[in-house]
Structures are given as C-alpha cells and as structure tokens.
Amino acid sequence: MREELLALIPEFDLIQDAGLREKTLQVWEAALARSGWTLAALAEMPFTLLINPCPASYIEHVRAVTLTALRAAEVFDEIYGDRVPLNVDYLLAGGLLHDIGKLLEYERGEDGLTVQSRHGQFLRHPFSGAALAAEFGLPEEVLHMIAAHAGEGDKMTRTAEATLINKADFMSFETLRDLRLKKQPSAKLG
Ligand SMILES: [Fe+2]
C-alpha cells in the first residue's frame, strides 16, 4: 500500500521533515482503510460531484493542487523573499491532505457512479479531513489548511499557506468546471 501510494503520488517525498511525511502518509492510509476506497478506484474517482462529467480524477486533483501551491510558493520566495514566510513542508502536507475527507464524504454507488455517502450528508470533507488528520497528530497549521481550504474557511483569516491551497484548489475547480461554459448556452422551457 505504502509503495503504491508513493508511486501514484510522488509529492509525498517532497516533504523534508520525516515525521511530518510519515504522519501525512498515515492519514492517507487510514482514510483508505476506513473508507474502503482503493488507490485504483481513486484514480478513477471524479474529484468533485459538482462537475458532471468531471474531467479529472481525485488523484490528479490532489497532485495538481499541491504542485500549483508549491510553484506559487517558489515564485513568492523568489519575489517576496522573507516578507512572506512560508513553511513549504506544511504547504505540501496541506495540499496532499486538503481533500482527504472526500474519501469519507463520497462512496461508490451500485452503478459505479461516485455519490455522497451518509457520512458526507452530515460532515463535509473539510471537517472530516481535519478530524482525521488531528487523530494522527498533524500540526494545527496543517489542520487549519484542511479545515479552511473551502468555503468554510471564508469566515476566518487564512494563513499564507492556507490561502495558497485555497486558491490552488479553486484554480483547478473553476477552470475544469467552466470548460463546459465555453459551449453555446441553450435552454428549453419546461
Ligand atoms: Fe475540497
């Protein structure tokens, strides 16, 4: 499982702090074990139920968000330097874990479609993801990134790392969502 996970998501290895990397992997492994999702199924799971058909998998989304945020952090470092201090390890862990709660929020329906689980009706993934990560001792800075990465986080002040994850997430979400809108709008009365 561990090797398969690292092969599918090589960005785990970018986390320099061995303890943080281990905890991040443990949260992933727990989410897989508790949800019943397999890595093969996640590579075919739409990353959101809000875009249908969805052009990217959960694994692709997690990697895209993590790498988008990382590249932005590199630019910030180059241009702003110490004026915007960023913890790149926290940023990577937050990117890799921001949607981990989706393994609990979503499940595979009978027909193979991805659907909302019963759990997901009560707790959206920012809540379930932060709770799961807290169990494994992830630092508060990373819990904050998970909890605040979506609309829920609009009610609080995000850290710089959490802002990068939030924007990287929405860059992917909105770009893929709006591919559809480039088609000619049409409607029928009904
Ligand atoms: Fe999310």
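No value in this document is a laboratory result; all are computed from the given coordinates. Please read all numbers here as calculations on a predicted model, not as lab measurements. A quick note on method: Cβ atoms are made from the backbone with ideal geometry, for glycine too, and the neighbour counts reach across all protein chains shown.
Results for (1) assigned to a helix (DSSP H, G or I); (2) more than 16 Å from Pro10 (Cα to Cα); (3) more than 14 Å from the ligand (Cβ to nearest atom); (4) in contact with a strand residue (DSSP E or B) (Cβ under 9 Å, 6 or more places away or on another chain), shown as yes or no for each residue.
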site: Glu44; (1), (2), (3), (4): no, yes, yes, yes
site: Val62; (1), (2), (3), (4): yes, no, no, no
site: Val65; (1), (2), (3), (4): yes, no, no, no
site: Arg71; (1), (2), (3), (4): yes, no, yes, no
site: Val75; (1), (2), (3), (4): yes, yes, yes, no
site: Glu78; (1), (2), (3), (4): yes, yes, yes, no
site: Asp89; (1), (2), (3), (4): yes, no, yes, no
site: Ile100; (1), (2), (3), (4): no, yes, no, no
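Restricted to region 1-26, and to residues that are touching a residue at least 40 places away in the same chain (Cβ under 8 Å) and of a type in the set (A, V, I, L, M, F, W, C), which residue is farthest from Ala43 (Cα to Cα)? The selected residue is Leu20. The set of residues in region 147-171 being in contact with a helix residue (DSSP H, G or I) (Cβ under 8 Å, 6 or more places away or on another chain), within 15 Å of the ligand (Cβ to nearest atom) and farther than 21 Å from Ile51 by Cα consists of Ala147, Ala148, Gly153, Arg158, Ala162, Leu164.
Against the condition away from the ligand (no atom under 14 Å from the Cβ), under 27 Å from Gln26 (Cβ atoms) and surrounded by 15 or more Cβ atoms within 10 Å (Cβ to Cβ), how does His119 come out, does it pass? Judged against the criteria, His119 is a match. Where residues in region 102-116 are buried (at least 16 other Cβ atoms within 10 Å of the Cβ) and of a type outside the set (Ser, Thr, Tyr), which of them is nearest to the ligand (Cβ to nearest atom)? Among those that are buried (at least 16 other Cβ atoms within 10 Å of the Cβ) and of a type outside the set (Ser, Thr, Tyr), it is Lys102. Of the residues Phe173, Phe136, which is more than 28 Å from Phe76 (Cα to Cα) and crowded, with 16+ Cβ neighbours inside 10 Å? Exactly one residue qualifies, and that residue is Phe136. Restrict the check to region 168-190 and report whether at least one residue is of a type outside the set (A, V, I, L, M, F, W, C) and within 18 Å of Thr24 (Cα to Cα). Checked against the condition, which is being of a type outside the set (A, V, I, L, M, F, W, C) and within 18 Å of Thr24 (Cα to Cα), region 168-190 yields no hits at all. Of the numbered criteria (1) within 21 Å of Leu25 (Cβ to Cβ); (2) part of a helix (DSSP H, G or I), the one His149 fails is (2).
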